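Since every read-out is calculated from the coordinates, none of them should be taken as a lab result. All of these numbers come straight from a predicted model, not from anything done at the bench. Cβ placement follows ideal geometry from the backbone for every residue including glycine, while neighbour counts extend to all protein chains displayed.
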């Protein structure tokens, strides 16, 4: 489960978001529904509530809130206007019971009815929606269960459905002499004339029991999208999650548990971040047929199969399929951790593996382990851990240990009991590509994604879904270098090699003039030192205030206000170690002695990271030799 702080943070964000989008018009009203209420016009007095939800819906205008009291209400709520349905609590799957439950009616020689049929979006909050039971049949197969929530657009305009702290469960299929009825879906979103979008936070979803169908989440058509965060998703048959016909589904911080497949995508985009997925069979199955092209993006997640592949990517006929897997742990059981299959004549089937672990743990010793398998498809792996591979029918897989890949035991803490954290001594610590970590990114457990796990004072992501924590040590602060104690051995000197120009009577004095100088300084670390030499020159002030500057004297400005400027004549550069250092200068530029006059030296140190010290400067004078 997710860290409590993370769950709280996500819920706070969504509460704020809901507050922004819930109807705020002055005409919006609250309609009340309670057990024992009476269906009479209005329903706006909490002391005189309606008795059924559908009656309150008929009384409401778009943007109104339907406040539903505690208890179980058996009806199929149909709304063709955007309303907010707010209960007294939806409980949790396998946890607290619901305070408010809406149950779709059971079928009568028919499938069960949905608890909600929403045609214009709206809001569901703090309630439980359960699809109706399919009718039983003595002579034939049982009827199918109803959906917990059916959402589709009856308008050409975009609509949105928001869920917070809701539990949605599909109805059970009816019993029959030949077979059970199909299981009802939990939440079904299907675009109609206009696009639909679902946003769910802190909510749980489950399919019903029976044969066939029974997805907890079902999203269909290019105009349909669904975002689910901080919740549980459970399935009892087939695919727990299904994405069809160009739809989009994104999971963030969600636990998914499937009896068959956890997630099947047949066309569209499935994005999974910081989530746990497990299933008896294939956990994530992406298959493209005809012109379909499903795409999977898996980031910072754990995917575990009990009997099959963790991820299977397959293209058939003229379809294609692809998966991009980053910072995740894939655990297969007996067939492969990651399999990519391309049918002859089909489009490409590809998988990209980065900063991840792929590990096949067969449930029987006689079954060989296959971490990566490419049957006609292609797997491109780098900065990842895997040991075994199989290439068939022209399929290609990066070699174990090639590039930045690592082979061998990843060093899980307790894989026999499903604990796939890395041990503190794992060779996979800090072996990921730091360039793939996003600012503020967290691992599956809620820890920062790039830590200094190998104590080299350089943060880098570990391979797999979890970062090893508690390994870092105090490291030096990466501060700019310092250059101090800047001085000169000769502050007045003549250029080296200049011929004396002293008068005869002053020959002895001229002989005492120093030639050349040495700049001295102290450095905090190895750096490049640059000493810029500038000569003092007359100038004229141009401009006023902050735009004033001292310019070269010209015929146009020679009558202006006098000022002093410095003109750069040369720079001295030296690669130096830390400590007391010096740089010699003979006073010559391009082989010629510098002109007599007043000068300024300005010194700056730059480290390997490009950080600069504070500049230091001093003045000196060059004289004739």
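Observations on the structure shown:
- Between residue 291 and residue 380, the FRET efficiency estimated from the beta carbon spacing at R0 = 25 angstrom works out to 0.55.
- D_trans [Stokes-Einstein, Kirkwood Rh over alpha-carbon pairs] for the stretch 514-567, 10 °C, 1.306 mPa s, µm² s⁻¹: 111 µm²/s
- Rounded to the nearest 10 degrees, the inclination of helix 4-21 to the longest alpha-carbon principal axis of the chain is 80 degrees.
- Fully extended contour minus Cα-Cα distance, from residue 561 to residue 618, at 0.36 nm per residue: 18.0 nm
- Inter-site label distance for residue 177 and residue 544 at 7 Å from Cα along Cβ, in nm: 10.7 nm
- Peptides 513-520, 374-381, 525-532 ordered by packing proxy, namely the average of other Cβ atoms within 10 Å per residue, highest first: 374-381, 525-532, 513-520.
- Counting 0.36 nm for each residue step from residue 580 to residue 366 and taking away their Cα separation leaves a gain of 70.2 nm.
- For the chain, share of DSSP beta bridges that run antiparallel, in % to the nearest 5: 25 percent
- In terms of the mean number of neighbouring beta-carbon atoms within 10 Å, the peptides 179-187, 33-41 order highest first as 179-187, 33-41.
- Span from the the stretch 306-330 Cα centroid across to the the stretch 197-270 one, whole angstrom: 17 Å
- Entry note, the chain: the mean residue ellipticity at 222 nm calculated from DSSP H runs of n ≥ 4, each adding -39500 (n - 2.57), is -1500 deg cm²/dmol after division by the residues and rounding to the nearest 500.
- Cα centroid separation, the stretch 573-625 to the stretch 408-469 (Å): 48 Å
- The calculated FRET efficiency for the pair residue 445 and residue 28, based on their C-beta separation and a Förster distance of 35 Å, comes to about 0.25.
- Estimated FRET transfer efficiency when R0 is 22 angstrom, pair residue 45-residue 81 (beta carbons, to 0.05): 0.55
- Segment residue 482-residue 154, extension gain: residue separation times 0.36 nm, minus the distance between their alpha carbons: 111.1 nm
- Reduced Cα scattering model of the stretch 483-622, Debye log10 I(q)/I(0), q = 0.18, 0.19, 0.21 Å⁻¹: -1.04, -1.08, -1.17
- Expressed as a whole percent, the proportion of Cα-Cα pairs in the chain lying more than 32 Å apart is 62%.
- Extending 7 Å from the Cα toward the beta-carbon at both residue 407 and residue 520 defines two label points whose distance is 6.1 nm.
- Summary of packing: across the peptides 428-439, 590-601, the per-residue average of other C-beta atoms within 10 Å ranks them, highest first, as 428-439, 590-601.
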